[in-house]
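Below is one structure, written out as structure tokens, with a few remarks after it.
Each reported figure results from applying straightforward, stated rules to the coordinates on display, with no laboratory input. A quick note: this is a predicted structure, and the numbers were derived from the prediction, not measured. All Cβ positions, even for glycine, are placed from backbone atoms using ideal geometry, and neighbour counts span all protein chains on display.
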Amino acid sequence: MSSFTVDAILFDMDGTLIDSTPGVLKAWKLFAADYDLDAVQVAHEAHGRRLYDTLREFCHLHEEEKLQSEIVRFEQAVIDGGPVVLPGALTLLEQIGAGSPESGAGWTIVTSATSLYTRRALPQCGVPLPPMGLVTSDDVASGKPHPAPYLAGARRLGADPTRCLVIEDAPSGLLSGRAAGCKTIAVCTSHTKEKILQSGAAPDFIVKDLTSITARWIGEVLEVSVSPHDG
């Protein structure tokens, strides 16, 4: 068990707080038929990145109106697939919310999904919206692995990025958090420990899932305790 303190925690959403894998695969299979893609391969390569960027790259969608309509169609397929909350997510959020010096401040969500999708998926999974607001793909010009998303997350909370913890499942998100100057924890919910190590994302810790992380307020800082993934 390792412990350290931070001022705020920045969570990824898909693959970290909620699992939308069945819906994502369903959506890519739907698009594979229309755009001659290998659904499984594209789903793997696109994970953690903005849908805006991946549809442009893999489906060669460059006309803005068509691209936006396809984003809506894709995200509807994901919602139809039934995202669910991941183990440990609600408990960890409850721990952060308990004793917070500013009525729930200290955490937010930084996602590659759109605001429309995010505000539908979180309530469907029983995950509360961050009290200080969140960062979606609509809020940044450059998506993960660029540092812009996590820098925006720290800014939203009024926190120094070097005093923030990023919790992510995807190498692109871990790279984004690291580039922003944050401490990073990888959860092995979508990638194995070996894959994360091979990715070059170099997280500070690798854990099985959010059940391996606890948090409590000590004054105005969060003490985070981590049980590293041994497997």
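Quick check on Ala170: is it farther than 30 Å from Asp80 by Cα and among the small types (Gly, Ala, Ser)? Criteria not met by Ala170.
Does Ala186 fit the bill of being more than 30 Å from Ala39 (Cα to Cα), aliphatic (A, V, I, L, M) and under 14 Å from the mean Cα position of the chain (by Cα)? Judged against the criteria, Ala186 is not a match. Filtered by the rule that a residue be within 23 Å of Gln41 (Cβ to Cβ) and in contact with a strand residue (DSSP E or B) (Cβ under 8 Å, 6 or more places away or on another chain), region 53-92 gives a lone residue, Pro83.
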